[in-house]
1. Mind telling me which of the residues B:THR41, B:THR99 ends up being within 14 Å of chain A (Cβ to nearest Cβ) and within 29 Å of B:LEU124 (Cβ to Cβ)?
2. Any residue at all in the stretch A:184-205 that's part of a helix (DSSP H, G or I) and either within 14 Å of chain B (Cβ to nearest Cβ) or open to solvent by 50 Å² or more (accessible area, probe 1.4 Å) (or both)?
3. Please list, ordered by first then second residue, the pairs with beta carbon atoms under 8 Å, 6 or more apart or interchain, first in the stretch B:214-229 and over 13 Å from B:LEU193 (Cβ atoms) and open to solvent by 40 Å² or more (accessible area, probe 1.4 Å), second among the basic types (Lys, Arg) and part of a loop (DSSP other than H, G, I, E, B).
4. Within the stretch B:212-230, how many residues turn out to be at the interface with chain A (Cβ under 7 Å from one of its Cβ atoms) and in a helix (DSSP H, G or I)?
5. Can you tell me which residue is nearest to B:VAL72 (Cα to Cα) among those in the stretch B:15-46 that are surrounded by 15 or more Cβ atoms within 10 Å (Cβ to Cβ) and among the small types (Gly, Ala, Ser)?
6. Out of B:LEU77, B:LEU125, B:LEU135, B:LEU85, which single residue is open to solvent by less than 20 Å² (accessible area, probe 1.4 Å), at pLDDT 95 or above and among the hydrophobic types (A, V, I, L, M, F, W, C)?
7. What are the residues in the stretch A:120-177 that are more than 30 Å from A:LEU69 (Cβ to Cβ), in contact (Cβ under 8 Å) with a residue 24 or more places away in the chain and small (Gly, Ala, Ser), if any?
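The values are calculated or read from the model by the stated rules, or taken from the named source; none is laboratory data. What you are looking at is a predicted structure, and each value in this text was computed from that prediction instead of being measured. Note that each Cβ is placed from the backbone with ideal geometry, even for glycine, and that neighbours are counted across all protein chains shown. Ligands, DNA and RNA are stripped out before the accessible areas are found, and what is left, the full protein with its side chains, is counted by its heavy atoms. Shrake-Rupley method; radii C 1.70, N 1.55, O 1.52, S 1.80 Å.
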2 protein chains.
Amino acid sequence: MNLILLHPSDLDHQGHACITDARRLAHLRDIHRAALGDRLTVGVQGGLMGKAQLVELTTELAVFALDPLADVPPPALPVHLVLALPRPRMLARTLEHVTALGVKEITLLHTKRVEKSYWQSPELLPEKIHQHLVLGLEQSRDTQLPSVTLTKGFRPFLEEQLPALLRGRRGLVAHPGMPMACPRGISDNTLLLVGPEGGFIPWEVEKLLDAGCEGMHLGPRILRVETAVTALLSRLF
Amino acid sequence: MNLILLHPSDLDHQGHACITDARRLAHLRDIHRAALGDRLTVGVQGGLMGKAQLVELTTELAVFALDPLADVPPPALPVHLVLALPRPRMLARTLEHVTALGVKEITLLHTKRVEKSYWQSPELLPEKIHQHLVLGLEQSRDTQLPSVTLTKGFRPFLEEQLPALLRGRRGLVAHPGMPMACPRGISDNTLLLVGPEGGFIPWEVEKLLDAGCEGMHLGPRILRVETAVTALLSRLF
């Protein structure tokens, strides 16, 4: 928690913020070992960041006196990430990684090689997803929550969502064996599509290429989804 | 386990390999759902890779008949990674990530902001480290084990190891606030130094720069060590 992310409802009108949830209080106590008078970095969800002084700390609440907040959050990556739904534990970590890296638009997609049971995981509950996004923001000192869309059908994605997503965006499908290596340091608005463990099936790749995406590879090594996504984002942008 | 990594002692002289450990047997059964006659990708630790046919499978053992092995493992990254010792769970995952990415030389280093207790973790036992390296190789279809060195003092590292490590290598210290952005797509032999959560202290950075390293940053976002290391390796090479 390099940033204490405040919800607008944590704020009063006198420049104070009060947090009462166990997770942030425990973090303040155990990790920050915060004491009265400490100045910590805070940010308001969707808004600005700055410093705040801890003016009250009990087992039930922490109150901060906020400086006028003036710092803008770091820039977002120009990417909409379409990720075949990973298995639940991998999903949790991947959401944290990509949020920390600055991704703001995420679609979780069903593809042939996604196990259907993954869609039943409690990790997909909105409050669980929200939790991982918040951890990513707190890690990277950002206040802008990503939006996450769940798309349970590949064909509806292809027919109903993909054409709009590709308008004004360069579509890149990460897939082993494609002739083009992952481009480096681009600034294009990008739609990045990443398959599941085991990859997209050939038909899916064909359809994505037909729709106007470019295929690309990340080298001969097979990486876990969480490693691959971080590696792709870091190389691309 | 995209590769079944065989130890030379798993092999007989008739082109068969026999595995008996619970981990690989469980993986064959539960993840590969392997059946007699299946052809799987195998590799011999430190050697070549190829295909093998499963010819016997019981609860106690699996026997493979190996094709003549002819595939060389994927190329290594030209990097020696010096990593301030992360907390134990982060270490485990980071070792897997960097091994999968192709790092072959790793030094785990004590720095001021590394908690001393981390050095007592069972994750540092040679057999535990070995386990994570093997998982990384199995993931990325590689057979060349990285070497891992533990260096519990920063000053001895600086005085006794660093000069030799920098001979023939470009030293790069990842540190927030450095003026140079992380270079992209280099092919230099590189010594990459990455600090702990909280970073190197200014004195450490100064000493590393004095010794001939270049400082560089990865942007304004604060990343977890495992995310940062993957992002650095993918952007650099």
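1. B:THR99
2. Just the residues of the stretch A:184-205 that are part of a helix (DSSP H, G or I), to begin with: A:202-205.
Next, only the ones that are either within 14 Å of chain B (Cβ to nearest Cβ) or open to solvent by 50 Å² or more (accessible area, probe 1.4 Å) (or both) stay: A:202-203.
The answer is yes; a qualifying residue exists.
3. Between residues of the stretch B:214-229 that are over 13 Å from B:LEU193 (Cβ atoms) and open to solvent by 40 Å² or more (accessible area, probe 1.4 Å) and residues that are among the basic types (Lys, Arg) and part of a loop (DSSP other than H, G, I, E, B), the close pairs are B:PRO220/A:ARG141; B:ILE222/A:ARG141.
4. Matching residues across the stretch B:212-230 total 2.
5. Here the answer is B:GLY43.
6. Just one listed residue meets the conditions, B:LEU85.
7. A:SER121, A:GLY153, A:GLY171, A:ALA174, A:GLY177
Matching residues to (1) open to solvent by 30 Å² or more (accessible area, probe 1.4 Å); (2) assigned to a loop (DSSP other than H, G, I, E, B); (3) within 12 Å of another protein chain (Cβ to nearest Cβ):
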{"position": "A:LEU81", "(1), (2), (3)": "no, no, no"}
{"position": "A:ARG93", "(1), (2), (3)": "yes, no, yes"}
{"position": "A:LEU108", "(1), (2), (3)": "no, no, no"}
{"position": "A:THR111", "(1), (2), (3)": "no, yes, no"}
{"position": "A:LEU145", "(1), (2), (3)": "yes, yes, no"}
{"position": "A:VAL148", "(1), (2), (3)": "yes, no, no"}
{"position": "A:ARG155", "(1), (2), (3)": "yes, no, no"}
{"position": "A:LEU158", "(1), (2), (3)": "no, no, no"}
{"position": "A:PRO176", "(1), (2), (3)": "yes, yes, yes"}
